[in-house]
Amino acid sequence: MHELGIVFYIIRDVKEAAAEHHVEHVSGVVMDIGEVSTIVPAYLTDCWRWAADKEDLLRGSELKIHIIPAVTLCGDCQKEYETVRYGKTCPYCQGGNTWLLRGREVEIKEIEVKDNN
Amino acid sequence: MDEVKIIEIKKSIFADNQQDADALRKELKAKGVYLLNLMSAPGSGKTTTLIRTLNLLKDKLHIAVMEADIDSDVDAVKIQEATGIPSIQLHTGGMCHLDAEMTRQGLDNVDLEGIDLVILENVGNLVCPAEFDTGSCRNAMILSVPEGDDKPLKYPLMFSVCDLVVINKTDVMPYFDFDLDKCKEYIRMRNPMAKVIPISAKTGEGVEAFADWLLAEVRNWKNQ
């Protein structure tokens, strides 16, 4: 739902990083996106195409999405389980005292630059 | 073939916003200004609730209101006309939420001298505003009866970031299958610390409890 807004934040951060590393053109941006981050990857890449092509730095660049599986920890039995499959109830002890360990990430992992840059 | 060079970044896109939000909260603390981030779905009765509540509080506190919407200024005009409280309208330029930087830009347009309480009426949306810390002292949300008692299950993040949930439109409860106890239980599953206040902005029932909560919050923030 807010993928375009997220794309604007990514562009801002990539611009900063590019300036810091004296890069004139970025060919790819790799994102780590958590499975339960509320981001729809296909929308994110669509928004990226629209917004990135308006920037000289990012024209034609590809947004690559690496999904981080969501994992929840049960505070009662200390076991870890797949969040998407079992939700908030621990499948081992049926306890509800559970915390999400990973899966909400929206991180820029790395940027790719063609060497003739 | 061109070799590709990789530059490692490893940075959350929320990191800058978190820093901005923490900095804004610190500044507000120093100035003794309490900022409430009020969220809800469109049509939950945020503006009507605010008018009722502000009329109860305006003799006790100096208040300002910031209305955030994608477009128009109907809410800011309505609040100012009905309460006499200075209200400004923020436009998010198509964005579905406010972040800390946009909130700061909004506050730059408010004369904070002598102000105790600023209420930020966030964009009507139960998804995106929950993701972004605005720099507010507390988050509150309004859930209205016609939306259904199962909303805490469908929008878990929103309910887990809110310190207060106001349940509005209790006057129409008989016409909807809304189970207040069940709704409170669902809210507690997401957030055991959340306070719940049922109100009817139309009849005024319960609005005093919301006003009292706000008054205590503002005094606590100033004295802490």
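Just one of the numbered conditions (1) in contact (Cβ under 8 Å) with a residue 60 or more places away in the chain; (2) within 14 Å of another protein chain (Cβ to nearest Cβ); (3) of a type in the set (S, T, N, Q) is not true of B:Ser40; which one?
(2)
Of the conditions (1) surrounded by 13 or more Cβ atoms within 10 Å (Cβ to Cβ); (2) in a loop (DSSP other than H, G, I, E, B); (3) out of contact with any Cys (no Cβ under 6 Å at 6 or more places or on another chain); (4) at pLDDT 95 or above, A:Thr89 fails just one. Which one is it?
(4)
Working carefully through the options B:Asp181, B:Asp171, B:Asp149, B:Asp163, find the one that is among the charged types (D, E, K, R) and closer than 30 Å to B:Lys26 by Cβ.
Values: B:Asp181 fails: closer than 30 Å to B:Lys26 by Cβ; B:Asp171 fails: closer than 30 Å to B:Lys26 by Cβ; B:Asp149 fails: closer than 30 Å to B:Lys26 by Cβ.
Only one candidate qualifies: B:Asp163.
Residue-by-condition table, conditions (1) touching a Phe, Trp or Tyr at 6+ places or on another chain (Cβ under 9 Å); (2) buried (at least 17 other Cβ atoms within 10 Å of the Cβ); (3) under 24 Å from B:Asn223 (Cα atoms):
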residue: B:Gln89; (1), (2), (3): no, yes, no
residue: B:Gly93; (1), (2), (3): no, no, no
residue: B:Leu98; (1), (2), (3): yes, yes, no
residue: B:Glu101; (1), (2), (3): no, no, no
residue: B:Gly106; (1), (2), (3): no, yes, no
residue: B:Asp111; (1), (2), (3): no, no, yes
residue: B:Asp116; (1), (2), (3): yes, yes, yes
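Which members of the range A:92-116 meet the condition of being exposed (fewer than 14 other Cβ atoms within 10 Å of the Cβ), assigned to a loop (DSSP other than H, G, I, E, B) and within 12 Å of chain B (Cβ to nearest Cβ)?
Within the range A:92-116, A:Gly96, A:Asn97, A:Asp115, A:Asn116 qualify.
Spot the failing condition for B:Glu67; the list is (1) open to solvent by less than 20 Å² (accessible area, probe 1.4 Å); (2) closer than 21 Å to B:Leu164 by Cβ; (3) within 14 Å of chain A (Cβ to nearest Cβ); (4) of a type in the set (D, E, K, R), and only one is missed.
(3)
Within the range B:1-24, track down each residue that is away from chain A (no Cβ under 12 Å) and open to solvent by less than 50 Å² (accessible area, probe 1.4 Å).
B:Ala21, B:Ala23, B:Leu24
The values are calculated or read from the model by the stated rules, or taken from the named source; none is laboratory data. Every value quoted in this text rests on a predicted model; they were computed, and no experiment measured them. Using ideal geometry, Cβ is built from the backbone for each residue, glycine included, and neighbour counts are taken over all protein chains shown. In case anyone asks, the SASA skips ligands and DNA or RNA and just uses the protein heavy atoms, side chains included. Shrake-Rupley method; radii C 1.70, N 1.55, O 1.52, S 1.80 Å.
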